[in-house]
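Here is the structure we will look at.
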Amino acid sequence: MPRLDPSRRTTVTIYDIAKKLSISASTVSRALRNHPDIRPETVEAVKDMAKKLNYQPNTIAQSLRERRTKLLGVIVPEIQQHLYGSVLNGIEEVAFRKGYQVLVSKSGESYERELMQTYALSNQVDGVIACLSQHTHKIDHFRQLKNQGLPLVFFDRAPERLAAHRVLFDNEAGSFALTENLIRSGFTRIAYLSGPEQLAVCQERLSGYQKALERYNLPFDQDLVIHTGFGYQDGRIGFTRLMKLENRPDAIFAASDQIATAVVVEARRIDLEIPHHLGLVAFGSDPVHALLHPAITGLHPKGYEMGSTAAQLCIQEIEQAGKNKRFRTERLTTEIIIRHSSIKASGEDSVVSAYSRFHKRDGFGDEVIYMY
């Protein structure tokens, strides 16, 4: 196919439309924006001519005029994980409908990389949607975004003491239900393989785990709580430490899909049969877990809802230009999906949760908490 000679390329402007219709360029500009001062028949004529001439608006010029890029920056720990892929899908769908595009960066679970990505995005986008890396201890880089007046929304993992919108799972309730499922199936010595201890998400899941043990009068054993990370290798390390205990657990609550996958692989390696020798549940929703043998008990996926909610909050703050100073925390509740990995032969295959939550306002900022 012959290539188009660049010298013959032409760009249709509002001046071309104005010349064709014998009106001013300013009238064309206002008609294309449906300005109320322009008569409907003129608006229709302008749009018909724009279509006929294949006019394409200059989005860069529009961005300069409006001082907006129409870009949302997103920082995720990993891209290949099912949860974050679903979150990105939800963000992109809402962004597209609202006329925004998405610029995605990966922290790789590294604080230093997260720092670099945050600074790189700060001058390119209209707002940032971020999930903390598992190694983030300081949040000065996010405070700087807030000081610049850049809208900021956190999802899945969020700092505790920074005034911003947050879209999170109801970690305590989910952990309670998963631990309870193991208990009601007959497991009594349940280990908890978690991510880094400093993350609020890990503390909330630990709280749900502890409350379930307390509710069913089972002792809490600190030796059964292992804080490593959320990755596959972290799961292998945690599993190995548990297997070295004199009194091994009879079940494991894995705080992520990757940890649960590592447990399955390592259990097979040492001939531990799930669930006969070791029960297993995961705070995750990877569909691959439904295909394993045995299939792994987990949570109903809500990554798309998390992403779409985060995008809506971010765009709303962008377009309201800081008029609303109240920040929202959205808590997504999710049901557990019970599969073979957590069911003993004598166990029950249904859950009636004894968990009850109470609402309270956090001790900082002007924040409203929504749970659904």
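The values are calculated or read from the model by the stated rules, or taken from the named source; none is laboratory data. Computed from a predicted structure; not experimentally measured. Because the Cβ atoms are built from the backbone with ideal geometry, glycine has one as well, and the counts that use them run over all protein chains shown. These area figures cover heavy atoms from the full protein model, side chains too; ligands, DNA and RNA do not enter into them. Shrake-Rupley method; radii C 1.70, N 1.55, O 1.52, S 1.80 Å.
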For region 14-57, dividing by residue count, accessible area per residue (probe 1.4 Å) in Å² works out to 72
Here the convex hull volume per residue of region 251-311, taken over Cα atoms and given in Å³, is 72
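Under DSSP H, which helices of the chain have Cα atoms covering 15 Å or more of the helix axis and a Kyte-Doolittle average no less than -1.0?
Span-like helices, by this rule, are 40-52, 82-97, 111-122, 171-184, 200-215, 232-243, 257-269, 303-320.
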Relative contact order as a percentage, the chain, C-alpha pairs under 8 Å and 6+ apart, gives 17
Of the accessible area of region 14-57, computed with a 1.4 Å probe and all protein chains kept, carbon and sulfur make up a percent value of 50
In nanometres, the difference between 0.36 nm per residue of separation and the alpha-carbon distance of Ala120 and Arg33 is 28.1 nm
The FRET efficiency for Lys52 and Leu291, from their Cβ-Cβ distance with R0 = 51 Å and rounded to 0.05, is 0.45
Put Lys47, Lys244, Lys302 in order of accessible area, largest first, probe 1.4 Å, and you get Lys244, Lys47, Lys302
Here the Cα Rg-to-2.2 N^0.38 Å ratio for region 14-57 is 0.97
Put His277, His137 in order of accessible area, largest first, probe 1.4 Å, and you get His137, His277
Quick calc, the chain, dipole around Cα centre from Cβ unit charges on Lys, Arg (+) and Asp, Glu (-), nearest 20 debye, gives 1620
If the label point sits 7 Å along Cα→Cβ of Glu335, residues of region 293-317 with amide N under 13 Å come out as 299-301
Cα-Cα longer than 24 Å, checked against Lys70/Lys138; Lys20/Lys98; Lys19/Lys51; Lys106/Lys302, kept in input order, equals Lys70/Lys138; Lys20/Lys98
Taking 0.36 nm per residue of separation between Gln222 and Thr188 and subtracting their Cα-Cα distance, the length gained on full extension comes to 10.8 nm
